[in-house]
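Notes follow the structure.
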Amino acid sequence: MSQYAVTQHEDVYTLYTLTDASTDSSVTVCPERGAIAISCRLKGEELFYLDRDTFVDPEANIRGGNPILFPICGQLVNGRYEWDGVTYPMRNHGVARNRPWEVVSHSAEEEASLTVRLVSGEGTLGEYPWHFELLFTYALKNGELHIRQSYRNLSDTAMPMYAGFHPYFRISSKAIAYDTDATRYLDYNDNEIKPLEGAVELEGLKESIALLDAGRSQIGFPGPDGSGSVTLRYSDAFKYVVLWQVDGKPFICVEPWMALTTELNRREELPMVAAGEELQLELSIAYAKA
């Protein structure tokens with residue numbers, strides 16, 4: 001019997017669960033709700049926080065799991081941007097997290113994997129006037145989650161995009177010394193750049209902070225009960241990690257982003273995908289027990 005399996009089941013929406021029996025690991029994905037992973041249980045430990053009420057409400061932004069951010073991370077100035085003389089509205093974090101994705105395939109050979117797709121259409125073009133295809137593969141192998149991403153520009157002009165993720169991690173304390181080589185962060189609470197020294201206390205902060213100058217494309221922090229360690233590794237294109245929380249809620253968000261908030265307005269380091277080209281990126285989540 002294979003150690004890997006992919007099962008389909010219903011819980012308000014159609015869900016797909018990837019399992020790795022040999023490591024007591026599983027990942028559950030909901031294609032209909034922005035292809036979000038709502039559960040990531042690695043080596044017997046559930047890493048993700050999920051507010052179920054926001055998940056079951058189709059009109060709500062899901063607070064929990066790992067929302068997909070595309071084509072922007074964060075906000076825009078007044079929720080709008082201008083391109084070629086036309087002003088477009090766009091919701092926070094873009095168009096991908098609030099739309100249903102199509103299941104392309106799944107496999108239990110050598111890993112448990114699910115591939116999902118989002119293609120531009122009438123619903124996206126009013127916010128983002130480029131034709132695109134996103135292909136994401138969630139793969140669970142040897143107790144680690146890998147998210148392989150393809151961002152394809154189907155337009156005849158270059159496509160601006162800065163994608164990212166917004167994972168909510170269960171945590172017992174929000175005063176954390178992160179395993180990162182970043183030395184500075186931008187504090188969006190007062191818009192000051194500050195040195196990163198020792199533990200970062202997020203409790204009490206309304207706005208996020210962004211780590212600025214990391215050389216290594218990875219970050220680590222304690223597991224849900226304060227022991228063990230979670231490690232995120234990601235492609236070099238994810239230049240920033242944004243940290244965010246809500247007072248009184250048992251989670252922190254540790255978010256790899258390609259660019260900082262409002263970049264589509266500022267255009268100081270705006271990534272572009274050439275016409276007909278494709279950008280391939282990866283993100284992995286691992287957990288080590290104490």
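The values are calculated or read from the model by the stated rules, or taken from the named source; none is laboratory data. Because the structure is predicted, anything quoted here is derived from the model rather than measured. Quick reminder, even Gly has a Cβ in these numbers, built from the backbone with ideal geometry, and neighbours come from all protein chains shown. Ligands, DNA and RNA are excluded from the accessible area calculation, which covers all protein heavy atoms including side chains. Shrake-Rupley method; radii C 1.70, N 1.55, O 1.52, S 1.80 Å.
Positive end of the dipole of region 2-99, charges at C-beta (+1 Lys, Arg; -1 Asp, Glu), about the Cα centre: which of Q3, G85, N98 has its Cα farthest in that direction?
Of the candidates, G85 comes out farthest on the positive side.
Return the equivalent ellipsoid semi-axes of the chain as a descending list in whole Å, where each equals the square root of 5 times an eigenvalue of the C-alpha gyration tensor.
Values for the chain, descending: 27, 25, 17 Å.
Step through the table entries K239/K289; K43/K206; K249/K289, compare each Cα-Cα distance with 26 Å, and write down the pairs that go over it.
With Cα atoms farther than 26 Å apart: K239/K289; K43/K206.
Given a 1.4 Å probe and every protein chain left where it sits, what share in percent of the accessible area of the chain is carbon and sulfur?
Whole-percent figure for carbon plus sulfur exposure: 46.
In Å, what is the Rg of the alpha-carbon atoms in region 1-94, and how long is Dmax?
Expressed in Å, the Cα Rg and Dmax of region 1-94 come to 17.0, 59.
Per residue, how much accessible area does region 122-193 show when a 1.4 Å probe rolls over the protein heavy atoms, in square angstrom?
Result: 39 Å² per residue.
Quick one: dipole size for the chain, taken about the Cα centre, charges +1 on Lys/Arg Cβ and -1 on Asp/Glu Cβ, in debye to the nearest 20.
160
Report the gain in length on full extension from A288 to N78: 0.36 nm times residue separation, minus Cα-Cα distance, nm rounded to one decimal.
That works out to 71.4 nm of additional length.
Under a cut-off of 17 Å between alpha-carbon atoms, report the aspartates and glutamates in cross-link reach of K174, not counting same-chain residues fewer than 8 places apart.
Partners within reach: D187, E197, E201, E203, E207, D225, D247, E255.
Mind jotting down a quarter of the surface of the convex hull over the alpha carbons of region 57-205, in square nanometres, one decimal?
12.5
What FRET efficiency, computed as 1/(1 + (r/R0)^6) with R0 = 25 Å and r the Cβ-Cβ distance, is obtained for K249 and V104, rounded to the nearest 0.05? All intermediate terms of the calculation are to be shown ahead of the outcome.
Details: r = 34 Å, r/R0 = 1.37.
Efficiency computed from Cβ-Cβ geometry: 0.15.
Short version: ³J(HN,Hα) in whole Hz for each residue of region 4-17, in order, from phi by Karplus 6.51 cos²θ - 1.76 cosθ + 1.60 (θ = phi - 60°), x for Gly and Pro, what are they?
10, 7, 10, 10, 10, 8, 10, 8, 6, 10, 7, 10, 10, 10
For region 60-144, I need the span (max minus min coordinate) of the C-alpha atoms along each principal axis, in Å, sorted largest to smallest.
Principal-axis extents of the Cα atoms in region 60-144, largest first: 50, 25, 20 Å.
What GluC sites (Glu not before Pro) in region 31-103 are in a loop by DSSP, with at most 13 other Cβ atoms within 10 Å of the Cβ? Can you show the working numbers first?
Numbers: sites: E32, E45, E46, E59, E82, E102; in loops: E32, E59.
Qualifying residues, ordered by number: E59.
Based on the Cβ-Cβ distance of L125 and E203, what FRET efficiency does E = 1/(1 + (r/R0)^6) give at R0 = 30 Å, to the nearest 0.05?
Efficiency at R0 = 30 Å is approximately 0.15.
So if R0 is 22 Å, what FRET efficiency would Q280 and A158 give, r being the distance between their Cβ atoms, rounded to the nearest 0.05? Kindly include the intermediate steps, with their values, before the conclusion.
Details: r = 17 Å, r/R0 = 0.78.
The pair Q280/A158 has a calculated efficiency of 0.80.
Please sort by residue number the trypsin sites (Lys or Arg not before Pro) in region 130-233 whose DSSP state is loop and whose Cβ has at most 16 other Cβ atoms within 10 Å.
Counting only loop positions with at most 16 other Cβ atoms within 10 Å, the trypsin sites (Lys or Arg not before Pro) in region 130-233 are K206, R216.
For region 27-125, which trypsin sites (Lys or Arg not before Pro) are in a loop by DSSP, counting at most 15 other Cβ atoms within 10 Å?
For trypsin sites (Lys or Arg not before Pro) across region 27-125 that sit outside H, G, I, E and B with at most 15 neighbouring Cβ atoms in 10 Å, the list reads R91.
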